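Engineer: One structure coming up, written as C-alpha cells, with questions to follow.
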Amino acid sequence: MAEERQPARVLIVDDDVSLRRVLEYNLQEEGYDVITAGSGEEGLRLFDERSPALVVTDLKMPGMGGFRLLQEIKGRSPDTAVIVITAFGAVETAVDAMKAGAYDYITKPFNRDALKLTVKKALEMLGLSRENRRLREALTEREDYRSIVGISRRMEEVFRVVDRVADTDATVLITGESGTGKELVARAVHTRSSRRAAPFVAVNCAAIPRDLLESELFGHVKGSFTGAVRDKAGKFQQAEGGTLFLDEVGELPVELQSKLLRALQEKEVQQVGGTEVRKLDVRVVAATNADLEQAIEEGRFREDLYYRLSVIPIHLPPLRERKEDIPLLVRHFAARHGGDRVAFAPETLEVMADYGWPGNVRELENTVERLLIMRCSDTITPADLPDKVRSRRAPSTECPVISLPDEGYSLEQLEREIVVEALERNNWNQSSAARFLRIPRHTLIYRMEKYQITAPERKK
C-alpha cells in the first residue's frame, strides 16, 4: 500500500502574537503542518531549516520586513509560494510584492474563508507546476529514447530486452565501454515502464566524493555532520515512485555497498544520522564500464550486491562491433547538430566505418560535430576527416600497439602520451584508466603528477 501523503508545510511569519495564533489555528484546522516565527530573521532561519512549501508573511515588521524576507526566500527557492499580509489601504505595497514574486496577498482584517482559499489555491498552483515540470522531463526522456540509434543485430537484441523488461520492477545492470550510451538505455527502460510519469534520478557514483556519497544517496538529518544545517532528502527519496539510475556503480565504496544491498532487498532507506527507516518504491537501474566479476575476485565489489543488481543484464556492444550502425549514426548526429543538408560521401562513410572508435558513440558524435564546423563544402570527403580516423587503424591485439619512427623517440614523451590517451578514452576516470593500463591507481596518479597531467576542466 502506498505511503500516505504528508501534509503541506506552511510557515507563518508575523510579529503580532495574536494574529499569528489566529493564522496558525485556521491553517492547522485545514490539516496543514504549520510552523511560526515572530520576526523576519527567525522566519528565514526556519525556512532554511524546515523547507516549507508555502510562506505567509506580514509585510510590515521590525528588523527584516516581509518584502525583504520575500526577496531572500525567492533567491533561495524560486518555486516556494509566498502570500503577503498587508494593512487595508496599503494595497500598492502588496502589488509591488507580487511583482517581486509573491503569489497573492490578503489584507487585514482578513476573512478566514478567504485566507483558506488563497492558501489552497497557492498549494494547488505548486502541485501543477511540479506536474508540468515532470511532464517536461518525461518528454525529454522520450526524446532521449529516440537518440538510441541502431539497426545492427546486436542493438536489435538490446531493444528487445528493454521492451521485455521495462514494465517490471526487476533491477537492471547495463554494462559496456565508456561512451556506448548506457544512460540512454537506462532512460529507455524508465520511459517504457509504468513509472514514466515519476522521476528519473541519475547519480554518477564516481563523480561524488566518497565522504558525501552516502548522504547523496540516502539523505541526512540536520546536525548529522558538519555542514548539515537542515534535513536533506537523498536520491532514493527523490526517485520515489520512479527510477534511480546508478551510473559507474563499480566505483561505489565497499563500505556503502552493504547499505545499498539492504535498500534493494528491503525497499527501505535510513538517512545519515537518522533513526527512522523509510519504505520506498524505487526501481534501480545500474551501469558500469568496469569488470565487476574481476572486482569481486579482487575484493572490491560484493558478490551478493552484483547478483542483486544484475537480475536483468544488458550489455551494450562497442561501436567497433556494430559497424553497420555507423552510417546511420553519422546522419543522425549531423541532423542533431544542424547539418541536415550536409552530405557524407560514400567513401567517407566507408573510412569512418573502418575506424575503431575507442571513444564509441560519444567520440563519433564529437567527430561529426567537428566536421560540420570545419567543413569547406556541403559534402564531407575523406580529406576532411581527422588523421587518426583516416589512418583506419582499428585497435587489434594481433598488431603492434605503437610504431616508432626510425630516428627514435623520447621515452618520457611516449609514456606521457600513453597516459593522456588512456585517460581520454576513459573520460578522465582515473580508476578506469588505471585498469585500462593494467597498473594500480596510485601508479597512474604518480605518472599524472610527474608529467603535470590534469583533466581538461582543471586546466587554466
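Engineer: Would you mind telling me which numbered condition in (1) open to solvent by 10 Å² or more (accessible area, probe 1.4 Å); (2) in a helix (DSSP H, G or I) R300 fails?
Structural biologist: (2)
Engineer: May I ask you to list the residues in the stretch 111-124 that are open to solvent by less than 50 Å² (accessible area, probe 1.4 Å) and within 18 Å of L19 (Cβ to Cβ)?
Structural biologist: A114, L115, K116, T118, V119, listed by residue number.
Engineer: Taking T443 as meeting all but one of (1) outside any loop (DSSP other than H, G, I, E, B); (2) modelled with pLDDT of 85 or more; (3) open to solvent by less than 100 Å² (accessible area, probe 1.4 Å), write down the number of the exception.
Structural biologist: Result: T443 passes all but (2).
Engineer: Counting just the residues of the stretch 26-53 that are over 15 Å from D14 (Cβ atoms) and among the small types (G, A, S), which one comes out most open to solvent (accessible area, probe 1.4 Å)?
Structural biologist: So, considering only residues that are over 15 Å from D14 (Cβ atoms) and among the small types (G, A, S), the one most open to solvent (accessible area, probe 1.4 Å) is S51.
Engineer: Name the one entry in E177, E183 that is open to solvent by 40 Å² or more (accessible area, probe 1.4 Å), closer than 18 Å to V284 by Cα and modelled with pLDDT of 90 or more.
Structural biologist: Just a single option satisfies the conditions, and that option is E183.
Engineer: Could I ask something else about it? Restricting the search to the stretch 324-360, which residues are in contact with a strand residue (DSSP E or B) (Cβ under 7 Å, 6 or more places away or on another chain) and either under 22 Å from S391 (Cα atoms) or open to solvent by 50 Å² or more (accessible area, probe 1.4 Å) (or both)?
Structural biologist: Within the stretch 324-360, V330, A343, F344, A345, T348 meet the criteria.
Engineer: Which residues, counting only those in the stretch 62-75, are open to solvent by less than 20 Å² (accessible area, probe 1.4 Å) and either in contact (Cβ under 8 Å) with a residue 40 or more places away in the chain or aliphatic (A, V, I, L, M) (or both)?
Structural biologist: Within the stretch 62-75, G66, L69, L70, I73 meet the criteria.
Engineer: Condition first: modelled with pLDDT of 95 or more and touching a Pro at 6+ places or on another chain (Cβ under 6 Å). Can you find one or more residues in the stretch 165-173 that meet it?
Structural biologist: Scanning the stretch 165-173 turns up at least one residue that is modelled with pLDDT of 95 or more and touching a Pro at 6+ places or on another chain (Cβ under 6 Å).
Engineer: Could you give me the residue pairs with C-beta distances under 9 Å whose first residue belongs to the stretch 382-394 and is at pLDDT below 85, whose second residue is among the hydroxyl-bearing types (S, T, Y) and open to solvent by less than 100 Å² (accessible area, probe 1.4 Å) wherever it lies, and which are 6+ apart or on separate chains?
Structural biologist: That search, which allows pairs on different chains as well, returns S391/Y355; R392/Y355; R393/Y355; A394/Y355.
Engineer: For the stretch 289-311, indicate whether the set of residues that are touching a residue at least 60 places away in the same chain (Cβ under 8 Å), within 19 Å of R435 (Cβ to Cβ) and β-branched (V, I, T) is non-empty.
Structural biologist: no
Engineer: Only one of these is at pLDDT below 95 and in contact with a Gly (Cβ under 7 Å, 6 or more places away or on another chain): A295, A334. Name it.
Structural biologist: Unique residue meeting the criteria: A295.
Engineer: From the list I453, I418, pick out the single residue that is assigned to a loop (DSSP other than H, G, I, E, B), at pLDDT 75 or above and within 27 Å of V361 (Cα to Cα).
Structural biologist: Every option except I453 fails the conditions.
Engineer: Being open to solvent by 80 Å² or more (accessible area, probe 1.4 Å) and either in contact with a strand residue (DSSP E or B) (Cβ under 9 Å, 6 or more places away or on another chain) or at pLDDT 90 or above (or both): is that true of Q265 here?
Structural biologist: It is true that Q265 is open to solvent by 80 Å² or more (accessible area, probe 1.4 Å) and either in contact with a strand residue (DSSP E or B) (Cβ under 9 Å, 6 or more places away or on another chain) or at pLDDT 90 or above (or both).
Engineer: Pick out the one residue from V254, V272, V282 that is surrounded by fewer than 16 Cβ atoms within 10 Å (Cβ to Cβ), more than 30 Å from A353 (Cα to Cα), touching a residue at least 24 places away in the same chain (Cβ under 8 Å) and aliphatic (A, V, I, L, M).
Structural biologist: Result: V254 is the single residue among V254, V272, V282 that is surrounded by fewer than 16 Cβ atoms within 10 Å (Cβ to Cβ), more than 30 Å from A353 (Cα to Cα), touching a residue at least 24 places away in the same chain (Cβ under 8 Å) and aliphatic (A, V, I, L, M).
Engineer: Can you find, within the stretch 226-240, the residue that is least open to solvent (accessible area, probe 1.4 Å) among those that are modelled with pLDDT under 85 and not β-branched (V, I, T)?
Structural biologist: Checking each candidate, the answer is A228.
Engineer: Filter the stretch 180-202 for residues that are β-branched (V, I, T) and over 14 Å from I148 (Cα atoms) and give the result.
Structural biologist: V201
Engineer: Sticking with this structure for a sec: Looking at (1) modelled with pLDDT of 85 or more; (2) open to solvent by 80 Å² or more (accessible area, probe 1.4 Å); (3) over 30 Å from R341 (Cα atoms), which is the one condition that is false for W428?
Structural biologist: (2)
The values are calculated or read from the model by the stated rules, or taken from the named source; none is laboratory data. Remember, predicted model here, so these are calculated numbers, not experimental data. Quick reminder, even Gly has a Cβ in these numbers, built from the backbone with ideal geometry, and neighbours come from all protein chains shown. When the accessible area is computed, the model is the full protein with side chains, heavy atoms only, and any ligands, DNA or RNA have been set aside. Shrake-Rupley method; radii C 1.70, N 1.55, O 1.52, S 1.80 Å.
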